[in-house]
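Some notes on the structure that comes next.
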Amino acid sequence: MGKSLYIAEKPSVAQEFAKALKQNMKRREGWLESDESVVTWCVGHLVTMSYPEVYDPKYKKWSLSTLPFLPETFLYEVIPNVKKQFDIVSGLLNRKDVDTIYVCTDSGREGEYIYRLVEQMAHVKGKKRKRVWIDSQTEEEILRGIREAKDLSAYDHLSDSAYLRAKEDYLMGINFSRILTLKYGNTIAGFLHKNYVVLSAGRVMTCVLGMVVRREREIREFVKTPFYRVIGKFAADQTRFEGEWKAVKGSRYEFSPKLYRENGFKTRETAQELVNDLKGSGGTAKLVSVEKKK
């Protein structure tokens, strides 16, 4: 009977799987192994999509004449700075004494994509592949995930979705970054007094940049607005403390247009009216409840 190989997305997760298996694991360079099992890991992405110049050297120079870049078949390559771990994982996936692969990358589209790329580049064939889908890394959940693991083919649609999103991101980033730079790079470089400027665009980064810009505009256009709080000094059980007035549910100030926010008024006069009302009622306060938190 062959060994089972467990492949996680990160070293820390692989360590949790090794602990949960409760086998006499011996540490190797890039994996853990017992008489029954092998546990290894990626370090995030080990494989990525190739740059345009890999398809054809002419794409190395940015030019409007080579846009849009829309390859019929996409190329992939091992990321250079993690090639050592890829070689280790690839060798383990193809070991003759390994007959079952448990895919333990993160439960989601990105985790699925990370493993599928590794399997694709490692040219894995003739192995039983099972998908471990867990919600946490507790021992109980890990063992449940292994016990109930489905055949990897059950997640083929998730894999297809991951590949499609990656291709979309790639094409958007490559084409829009190049055309924006070619069209507006020199103008912006001149404005910034630089020799050149690269304008990067992408599905995620462009949205995040938009959020940053909107927030920066809010900050720059912010106008200070004073509001008035009512603070009282109290004593209870020989303890002195300050209390802040707040418009609670059911009070006459709830939803009042005079409020700036629930603990303050728009005008000093309105705040003073409240103070005068409290003084008129004897200036006393009733302690309703005490809540202690650690």
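The values are calculated or read from the model by the stated rules, or taken from the named source; none is laboratory data. Values in this document were obtained by computation on a predicted structure and should not be read as measured data. No Cβ is skipped: glycine too gets one built from the backbone with ideal geometry, and neighbour counts run over all protein chains shown.
Taken as a whole, the condition of being over 30 Å from Y51 (Cα atoms) and either free of Cβ contacts under 8 Å to residues at least 40 places away in the same chain or more than 32 Å from the chain's Cα centre (by Cα) (or both) does not apply to E168. Screening R215 on (1) modelled with pLDDT of 90 or more; (2) surrounded by fewer than 10 Cβ atoms within 10 Å (Cβ to Cβ); (3) among the basic types (K, R) shows it passes everything except condition (2). Taking segment 54-101 as the range and being of a type in the set (F, W, Y) and more than 20 Å from E29 (Cα to Cα) as the test, the residues that pass are Y55, Y59, W62, F69, F74, Y76. Of note, E168 satisfies the criterion of being charged (D, E, K, R), loosely packed, with under 12 Cβ neighbours inside 10 Å and closer than 21 Å to L64 by Cα. Taking the listed residues V223, V248, V275, V198, the one that is part of a helix (DSSP H, G or I) and aliphatic (A, V, I, L, M) is V275, with no other qualifying.
Within segment 24-59, being under 30 Å from M172 (Cα atoms) and either among the charged types (D, E, K, R) or in a loop (DSSP other than H, G, I, E, B) (or both) holds for C42, V43, G44, H45, L46, S50, Y51, E53, D56, K58.
Among the residues of segment 251-272, none is identified as farther than 21 Å from T225 by Cα and not in a loop (DSSP other than H, G, I, E, B). Out of the residues in segment 249-294 that are of a type in the set (A, V, I, L, M) and at pLDDT 85 or above, which is surrounded by the most Cβ atoms within 10 Å (Cβ to Cβ)? Selected residue: A271. Would a scan of segment 13-23 turn up a residue that is in a strand (DSSP E or B), in contact (Cβ under 8 Å) with a residue 24 or more places away in the chain and either more than 17 Å from D87 (Cβ to Cβ) or not assigned by TED's automatic domain parsing to the domain that holds K128 (or both)? No, because not a single residue in segment 13-23 is in a strand (DSSP E or B), in contact (Cβ under 8 Å) with a residue 24 or more places away in the chain and either more than 17 Å from D87 (Cβ to Cβ) or not assigned by TED's automatic domain parsing to the domain that holds K128 (or both).
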